[in-house]
Amino acid sequence: MGEYEEFAEALFGQLSVEIDEEKEISSLAVKAKEDLAGKVEFKDIEEITKDVVPQFKEKIKDFLGIEVPNNIEFKFPELEDLKRLKGEKVFADNESKEFVRDLFDAVAKENNAKIAELMKKDTAKYLVYSTYAIQYISKITTTYGDYLDGVIYLNRFILSRYPQIILHKQGEPYESRFENVNSGYTGGIKMAVLEELIHSTQEKLHQINKDAAMQVNKINEELAGIILELDTETVNMLAEYCQLQTVPDDFPFAKRANLFFFLNPDHFLIEQIGPDVMTFTHVEMDPKIKEAIPQLLDIYKRWLAPIQHHHAAFTAMEGMAGFAIENILKDDQDFQNYLTTFMGTDFSSYQVRKSMGKDFTKAIYEKLGSNTFKKIIDIPPNTRELKDPQLYLSKLSQ
């Protein structure tokens, strides 16, 4: 087996816990469906979605003062299509988009040979975008919905199986326990629909996020290309100096991959400086690393602005949605049952969960009321303002 093939196997090794969980969910759902047949039946998620969308459009209009677009489409993908969808949410430029699609398709099909082939075809792109495959696909079993380009995607794989599995685990008599689980199932769909409808109103923030992410990815591709071109002596010196895991000399790609993952600004700067890097305007770096890779400091400097734009837009979008869900669903019994039955928590615990975006939105809402949401979309906050909402309010009053 060649080095690329081994690296492809390692990718699935990193996803093995999630892949095993997906298989277990599928297996448990088959058993649950057999045992529940003829006793109780859950409505299809499409039917529940159709019922709740009109009321949530009104609630969003009332609370946020924003209209949900009329042309929103709903889709309900199963597992493989969900994994391909995650590839569409990796914002790469036209030059890299097809590579990303091929990579996520290969991961969805668990096709080692195709992944090794993609690695050989464009090693720099693989180094950058394989990290997304691990990061995004590992969250599929905990992500109920996605919004992209006028379409809301609801996770049929999870939403259609979890209620059956939960009721089956509770045991007989299913009929008397059905109402509570069914209410929680409806509450989970309500939460997902509401969140993604809110995201559908944030098109300006989506565009900022998308443009910034593309710039970040292009800079990371550039860094990957530089590291792949380094001579072996420099790679060995840096690996030793940075105390990276020892790799045999007959695995030259793995050596460079380890170095890229370590020096990638998403890892290196945040690990070295901490999350405060999101408010920095400059970076400094270790002279020895700078001497070995002179281009690195310039790459880090160029990375700062787009990563901060990406972070700010994403945090604002999630914060708006989180704050609105908390307020719109606070008295909804189905949502309360979802929290207790599916999440093992309650509304009070849910409410106190810390989130920079939600805390920022709450602080602005206390001053501006329902005007908050239009303002955040029209005049997005920066990373400093997210940490200190008073700075944002001062900007608005100028």
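The values are calculated or read from the model by the stated rules, or taken from the named source; none is laboratory data. Nothing here was measured: the structure is a model prediction, and the numbers come from that model. Please note: Cβ atoms are built from the backbone with ideal geometry, for glycine as well, and neighbour counts cover all protein chains shown. Please note that ligands, DNA and RNA were not included when accessible areas were found on the heavy atoms of the full protein model with its side chains. Shrake-Rupley method; radii C 1.70, N 1.55, O 1.52, S 1.80 Å.
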Exclusive hit being assigned to a helix (DSSP H, G or I), open to solvent by less than 30 Å² (accessible area, probe 1.4 Å) and more than 30 Å from residue 254 (Cα to Cα), set 158, 115, 166: 158
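Could you list all residues from segment 169-202 that are acidic (Asp, Glu), outside any loop (DSSP other than H, G, I, E, B) and without any contact (Cβ under 8 Å) to a residue 12 or more places away in the chain? Outline the logic, then answer.
Taking segment 169-202 as the starting set, the residues that turn out to be acidic (Asp, Glu) are 172, 175, 179, 195-196.
With outside any loop (DSSP other than H, G, I, E, B) added as a condition, the list becomes 175, 179, 195-196.
If the condition is that a residue be acidic (Asp, Glu), outside any loop (DSSP other than H, G, I, E, B) and without any contact (Cβ under 8 Å) to a residue 12 or more places away in the chain, then 179 is the only one that fits.
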Number of positions in segment 258-268 that are modelled with pLDDT of 90 or more and either loosely packed, with under 14 Cβ neighbours inside 10 Å or assigned to a helix (DSSP H, G or I) (or both): 6
Checking residue 214 against (1) over 30 Å from residue 334 (Cα atoms); (2) open to solvent by less than 10 Å² (accessible area, probe 1.4 Å); (3) in contact (Cβ under 8 Å) with a residue 40 or more places away in the chain, which test does it fail? (2)
Leading residue by the ranking (nearest to the chain's Cα centre (by Cα)) among those in segment 120-136 that are among the aliphatic types (A, V, I, L, M) and surrounded by fewer than 23 Cβ atoms within 10 Å (Cβ to Cβ): 134
Any residue in segment 114-128 that's of a type in the set (D, E, K, R): show its pairings with residues that are open to solvent by 20 Å² or more (accessible area, probe 1.4 Å) at Cβ separation under 6 Å, as long as the two are six or more apart or on different chains. 120/4
For segment 308-317, check the following and say yes or no: at least one residue is over 19 Å from residue 375 (Cβ atoms), aliphatic (A, V, I, L, M), within 22 Å of the chain's Cα centre (by Cα) and part of a helix (DSSP H, G or I). no
Specify the residue that is nearest to the chain's Cα centre (by Cα); the eligible residues are those in segment 220-257 that are buried (at least 19 other Cβ atoms within 10 Å of the Cβ) and β-branched (Val, Ile, Thr). 227
In segment 342-395, anything closer than 24 Å to residue 143 by Cβ, free of Cβ contacts under 8 Å to residues at least 60 places away in the same chain and of a type in the set (A, V, I, L, M, F, W, C) is listed as 343, 347, 352, 356, 360
Examine segment 17-34 for a residue that is outside any helix (DSSP H, G or I) and either in contact with a Cys (Cβ under 9 Å, 6 or more places away or on another chain) or open to solvent by less than 70 Å² (accessible area, probe 1.4 Å) (or both), and state whether such a residue exists. no
For segment 345-396, enumerate the residues that are among the β-branched types (Val, Ile, Thr), modelled with pLDDT under 95 and either surrounded by fewer than 15 Cβ atoms within 10 Å (Cβ to Cβ) or in a loop (DSSP other than H, G, I, E, B) (or both). 345, 352
Scan of segment 83-98 for residues that are open to solvent by 10 Å² or more (accessible area, probe 1.4 Å) and within 19 Å of residue 218 (Cα to Cα), ordered by number: 86, 88, 89, 91, 93, 94, 95, 97, 98
Checked segment 280-300 for anything without any contact (Cβ under 8 Å) to a residue 24 or more places away in the chain, exposed (fewer than 14 other Cβ atoms within 10 Å of the Cβ) and under 31 Å from the mean Cα position of the chain (by Cα); matches are 281, 282, 284, 298
Show the residue pairs that are 6+ apart or on different chains and have beta-carbon atoms under 7 Å apart, the first residue being within segment 233-254 and touching a residue at least 40 places away in the same chain (Cβ under 8 Å), the second being aliphatic (A, V, I, L, M) and part of a helix (DSSP H, G or I). 234/292; 237/292; 238/259; 238/289; 238/292
